[in-house]
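Just below is one structure, and these are the notes that go with it.
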Amino acid sequence: MRRFLILVLLLVPLFCFAAPAAKTGTVLVLGDSLSAAHGIAADAGWVTLLQQRLARQTPTRAVVNASISGETSAGGLARLPRLLAEHKPALVLLELGANDGLRGLPLSELRANLVQLLQHVRAAKAQAVLLGIELPVNYGPQYRDGLRQLYRDVAVEFNVPLVPFLLEGVALDPNLMQDDGLHPTAAAQPKLLETVWTVLAAQL
């Protein structure tokens, strides 16, 4: 009997160490076609590449891509509460505003939507990373500069990390853009991931 108790005591720590690791937190990506792998294979998109990288580095962290082609900040705002309740993410990457800008939405409206999005993330006790975008030069310097500053101001207001331009080093390279001039090719996706990773790594 004494030998049996000793054996049990020796095995208990082994079972404790062998227990499955707890989830370290889901990453939710809420974006538009730039994050939804528009025009390319879904598994070639930067969000999938992020998921693969995290699977190698932090297997217990999941990635949920809730991005939809054509999504606007208002559309994302309508969907976010349900997504937060369903997935309970620890980190939310917000990549919205491109379609608002292309439609000429007043910057004040875009700002109001981004503020509400970040308020929802904060209320859910999740971290946020804001992914900024820029518009083609034909939209004029006033609107383009205002959009650029808008992302900076909102990031400062909520004290969240900002990726200034998701398509940095890609948008002006015709070899990395699809024929529509708006969406990056599959070859550009690793570069998009690295642009995001420079800011995201510290949050993870």
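The values are calculated or read from the model by the stated rules, or taken from the named source; none is laboratory data. From a predicted model like this one, the values you see are computed outputs, not experimental measurements. Positions of Cβ are generated from backbone atoms using ideal geometry, with glycine treated the same way; all protein chains shown enter the neighbour counts. Each accessible area value is taken on the protein alone, full model and side chains, heavy atoms only, with ligands, DNA and RNA left out. Shrake-Rupley method; radii C 1.70, N 1.55, O 1.52, S 1.80 Å.
Per-residue answers, yes or no, for (1) farther than 24 Å from residue 89 by Cα; (2) open to solvent by less than 70 Å² (accessible area, probe 1.4 Å):
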{"residue": "170", "(1), (2)": "yes, yes"}
{"residue": "173", "(1), (2)": "yes, yes"}
{"residue": "180", "(1), (2)": "yes, no"}
{"residue": "189", "(1), (2)": "no, yes"}
{"residue": "194", "(1), (2)": "no, no"}
{"residue": "198", "(1), (2)": "no, no"}
{"residue": "201", "(1), (2)": "no, yes"}
{"residue": "204", "(1), (2)": "no, yes"}
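Yes or no: segment 69-80 includes at least one residue that is under 29 Å from residue 179 (Cα atoms), touching an Asp or Glu at 6+ places or on another chain (Cβ under 7 Å), open to solvent by less than 40 Å² (accessible area, probe 1.4 Å) and of a type outside the set (Ser, Thr, Tyr).
For segment 69-80, residues under 29 Å from residue 179 (Cα atoms), touching an Asp or Glu at 6+ places or on another chain (Cβ under 7 Å), open to solvent by less than 40 Å² (accessible area, probe 1.4 Å) and of a type outside the set (Ser, Thr, Tyr): present.
From the set of residues in segment 100-143 that are among the polar types (S, T, N, Q) and either farther than 19 Å from residue 156 by Cβ or not in a helix (DSSP H, G or I) (or both), which is most open to solvent (accessible area, probe 1.4 Å)?
142
Open to solvent by less than 50 Å² (accessible area, probe 1.4 Å), over 21 Å from the mean Cα position of the chain (by Cα) and modelled with pLDDT of 95 or more: is that true of residue 146 in this structure?
The answer is yes for residue 146.
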